[in-house]
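Notes to accompany the following structure.
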Amino acid sequence: MSVDFSRAVAACLTYGTGVDPAPIEVVVRQVLSDRVAHDSLLPSADDLIALDNTFRRALVDAGLAPDLQVALVYGGPTRIKGYVFEAPKLPEIRGASALLDWVNEERLRQLWHERLDAAFGDRDLVVRCIIYAGGGAFLAFAPAALGADLAAAIEREFTEHTLTANSAAVAAQFNVIELRYGRNPLAFWLDEFLAAWDDALLRAELERYYYPPPGDSFAALLTSDQIMPALPAGKRTTAHIEAARRFVHRKTFGELTTVLAMMFNRRRDERGDGNAQRFISFYPMLPWAVKCDSSDVRPAVWQGRVAGEERAYSEASARKRYVGQIIKRDDDGATLWYTSTFRHWRAPATLRQRSWEQLWDAFLRHEGASTPYAQSLTSRLDALPAHDLHEIGTASDPERFIGIIYADGNNVGRLIATLRTPQDFHDVSQHLSDAAVKAVFHGLGQHLGGPVKVKRPSGDVTVHPFEILTIGGDDLLLIVPGHCAFDVALAIASVFERSLARSIPAPPDARASDALRGRYAGTTPFTVDPYTPSIGLSAGIIIAQENTPIFFLRELAEEALKRAKKLARLSADQRYYGGAVDFMVLKSIGMVADTIATFRQAAFADPFPRGEMNHRNGDRQPFRRLTARPYTWHEFAGLLATVRALRHSDFPRSQLYRLRRIVDDHPGTVATTMEYLYTRARLSERRREALVRSFELSWQPAVTAGRRPLPPWLPVGHQSYETIWTDLVEIYDMVAAQHEEQ
């Protein structure tokens, strides 16, 4: 639901004056609207001057100074991963993530109410001051007199509640007309811009800042007839019209957020920005002190037993563990170790009430009541949250494997830069957050199976076998049983992209999900029920044993995500704005000693991102890439379908691994192709048909330089090949059977 910020801005302008903000609200709404004088979509310099004069007269008529400004306050945590993943164990990681989210999304809202409720006399009006709070960022309006104090208060709140998490916050004052038309539009509008644009020495600098607008932006959709009246005389050529598009695209509310982001980055990097001195917590490690088991860098101030294990904690780490227990609904007896020692800080009630498990329970009772997971809960309504990775791994088949899914939206920053008004910022951030939560819960409800029974010291209990570490805007990180990680991620991507396709229009030239099939020619839900994505979701998935260090898995998942985003950018070049996925299944930690890129270069001869892969030096055989990762979501759905088809046909595992070994050992493509055909000829008719249908006929990319696939190879470029066979073998045991097969 769109929020009108006009009333909040008017209240900030009249703060402390005793003036009724209602007349000012009317003029503020006029300034923030999409239309100016003469119903023109694009104002001229004269239109802006007239609009500014109207606003100033309204201020003077109300008995106020004509140059009043409003503050924008922007802040949030910094170095988030260093704080959250400082601890090696899930209980502290869970608590750190929950505590950061609570400060950013709940405590900062409370701070605005504490400072402004009494002055405004309307709690709902204070709510309207907050543009967005989530995803590790906070942006809100404030009276100009309070902007700097509130920015300093944001930093204090993070330090007070987390003790060690870094944060930064900044404030800047702007005229109301700047909230709609960017920084200082009265001094630098189209007349001044086009004069500078015609100067060859200045144009190169201007081109970097005033970049071409995306095809779906407001500026790109303006017609020449709509732009022409706003241009000065003598500057109405086609070249000037296109230059004006660049200018108008940047001169919006988004330009102010760019200013704030630059100030924020300077303050984060501890460079001067004119604000108050920044204080960062520091705990010296003395030579004789006992090290904190969780951080390994701070002195421990408490030692004892927590959940049946001996631990030594610094106060900051103890707080993480305590919060982790609170959101997992542990009773007072389980948290007595903390409450009896650290008496000056307790988990606020709002923190206790906002755990993902409570939102999950509400989802199962309402929107997700028809999901397979909800249906399995009819006799197990007392399911508890999982305490650790072992309880999540218990639900996996094979057991003791977990999957970590790290996903992020593509080009969200680019989208944010195209937004013109505070309302647009609020609406888009809400769409992103709602789509992410809906997608995660839908994916879990459809593919998690059901709760699992585990043994605890107190007896057998039933638990929800997953962990949501964060869902922040378009960014999400969760842990699920290993065998369902692929299906959960696929469902999340599909629901996320479909939801945003309905709420945020795609560019006019965007292609639908059935238009870019890539290397997989078969059908998937992305082609049977197509949609046109506006924002794609890319993901990195790592499946490993439950005892693998979680910080290591997170680093691998982040690298896999980066590789997936590279493929998504290649797809965007073809006007398809959906996401992509990369993955890795670790049978042992020793499989990857460095990075995914290093490992795959050595194991798979993988030079991703794929380009024209030439011959090796001195080798006449074509260059072979022994993996096809990363995949688009349509291709990934096809890979899972191929695995399921082979498993359903009882394809011999011995032949699966033998072909994998031959692909590894034999250079070139001829020998492996002959061996593949020989193996296919020896199969039973049922298995042979399954192999041909799900592998050979389905994996048929568009003809590349007149070359056809040579199974198990797919052509790339003019002389190179890649294969999905190694990927297929790697995930073979980690693909859950379809519900009807179980």
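Listed values, structure above:
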{"quantity": "Of all residues making up segment 622-641, the number that are surrounded by fewer than 24 Cβ atoms within 10 Å (Cβ to Cβ) and of a type in the set (S, T, N, Q)", "calculated": "1"}
{"quantity": "Checklist (1) outside any helix (DSSP H, G or I); (2) surrounded by fewer than 20 Cβ atoms within 10 Å (Cβ to Cβ) applied to I535, failing item", "calculated": "(2)"}
{"quantity": "Residues being modelled with pLDDT under 95 and either in a helix (DSSP H, G or I) or within 10 Å of A539 (Cα to Cα) (or both) - total across segment 580-598", "calculated": "6"}
{"quantity": "Members of segment 322-338 that are farther than 20 Å from L389 by Cβ and surrounded by 13 or more Cβ atoms within 10 Å (Cβ to Cβ)", "calculated": "T335, W337, Y338"}
{"quantity": "Helices (runs of 4 or more DSSP H) contained in segment 657-742 and holding at least 2 residues surrounded by fewer than 17 Cβ atoms within 10 Å (Cβ to Cβ), of a type outside the set (S, T, Y) and at pLDDT 90 or above", "calculated": "670-682, 685-691"}
{"quantity": "Residue that is surrounded by the fewest Cβ atoms within 10 Å (Cβ to Cβ) [pool: residues in segment 297-321 that are under 14 Å from M285 (Cβ atoms) and of a type in the set (A, V, I, L, M, F, W, C)]", "calculated": "V297"}
{"quantity": "Filter result for S355 (out of contact with any helix residue (DSSP H, G or I) (no Cβ under 7 Å at 6 or more places or on another chain), among the polar types (S, T, N, Q), touching a residue at least 40 places away in the same chain (Cβ under 8 Å) and at negative phi)", "calculated": "no"}
{"quantity": "Residue in segment 228-237 that is under 36 Å from the mean Cα position of the chain (by Cα) and not small (G, A, S) present", "calculated": "no"}
{"quantity": "Entirely in segment 210-257, the helices (runs of 4 or more DSSP H) that have 3 or more residues that are of a type in the set (A, V, I, L, M, F, W, C) and out of contact with any Ser or Thr (no Cβ under 6 Å at 6 or more places or on another chain)", "calculated": "218-221, 238-250"}
{"quantity": "Tabulated pairs, segment 500-528, first of a type in the set (F, W, Y), second surrounded by fewer than 17 Cβ atoms within 10 Å (Cβ to Cβ), C-beta under 8 angstrom, 6+ apart or interchain", "calculated": "F526/D514"}
{"quantity": "Residue satisfying condition, being among the β-branched types (V, I, T) and buried (at least 20 other Cβ atoms within 10 Å of the Cβ), within set V170, V127", "calculated": "V170"}
{"quantity": "Total residues in segment 309-336, condition under 11 Å from A87 (Cβ atoms) and either in contact (Cβ under 8 Å) with a residue 60 or more places away in the chain or β-branched (V, I, T) (or both)", "calculated": "5"}
{"quantity": "Residue in segment 353-361 that is acidic (D, E), under 28 Å from the mean Cα position of the chain (by Cα) and under 26 Å from F85 (Cβ atoms) present", "calculated": "yes"}
{"quantity": "S720 vs. criteria closer than 23 Å to D582 by Cα and either assigned by TED's automatic domain parsing to the domain that holds C484 or of a type in the set (S, T, Y) (or both)", "calculated": "yes"}
{"quantity": "So S294, is it surrounded by 14 or more Cβ atoms within 10 Å (Cβ to Cβ), of a type in the set (S, T, N, Q), modelled with pLDDT under 90 and part of a loop (DSSP other than H, G, I, E, B)", "calculated": "yes"}
{"quantity": "Criterion: in the same structural domain as R156 (by TED's automatic domain parsing) and surrounded by 14 or more Cβ atoms within 10 Å (Cβ to Cβ) - qualifying residue of A261, A243", "calculated": "A261"}
{"quantity": "Single condition L646 does not satisfy, out of (1) over 25 Å from A736 (Cβ atoms); (2) at pLDDT 90 or above; (3) surrounded by 14 or more Cβ atoms within 10 Å (Cβ to Cβ)", "calculated": "(1)"}
{"quantity": "Total residues in segment 540-561, condition in contact (Cβ under 8 Å) with a residue 12 or more places away in the chain and part of a helix (DSSP H, G or I)", "calculated": "11"}
{"quantity": "Conditions (1) at positive phi; (2) outside the structural domain of L444 (by TED's automatic domain parsing); (3) not aliphatic (A, V, I, L, M): number failed by R400", "calculated": "(2)"}
{"quantity": "Yes/no for A169 being in contact (Cβ under 8 Å) with a residue 12 or more places away in the chain and assigned to a strand (DSSP E or B)", "calculated": "yes"}
{"quantity": "Qualifying residue in segment 402-410 (condition: charged (D, E, K, R), buried (at least 20 other Cβ atoms within 10 Å of the Cβ) and more than 30 Å from E178 (Cβ to Cβ))", "calculated": "yes"}
{"quantity": "Hits in segment 155-201 (condition: at positive phi and not hydrophobic (A, V, I, L, M, F, W, C))", "calculated": "G182, N184"}
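The rows are residues; the columns are (1) under 21 Å from the mean Cα position of the chain (by Cα); (2) under 23 Å from E357 (Cα atoms).
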site	(1), (2)
K81	yes, yes
P91	no, yes
D117	no, no
C129	no, no
A144	no, no
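The values are calculated or read from the model by the stated rules, or taken from the named source; none is laboratory data. Because the structure is a prediction, the values reported are computed rather than measured. Cβ: placed from backbone, ideal geometry, glycine included. Neighbour counts: every protein chain shown.
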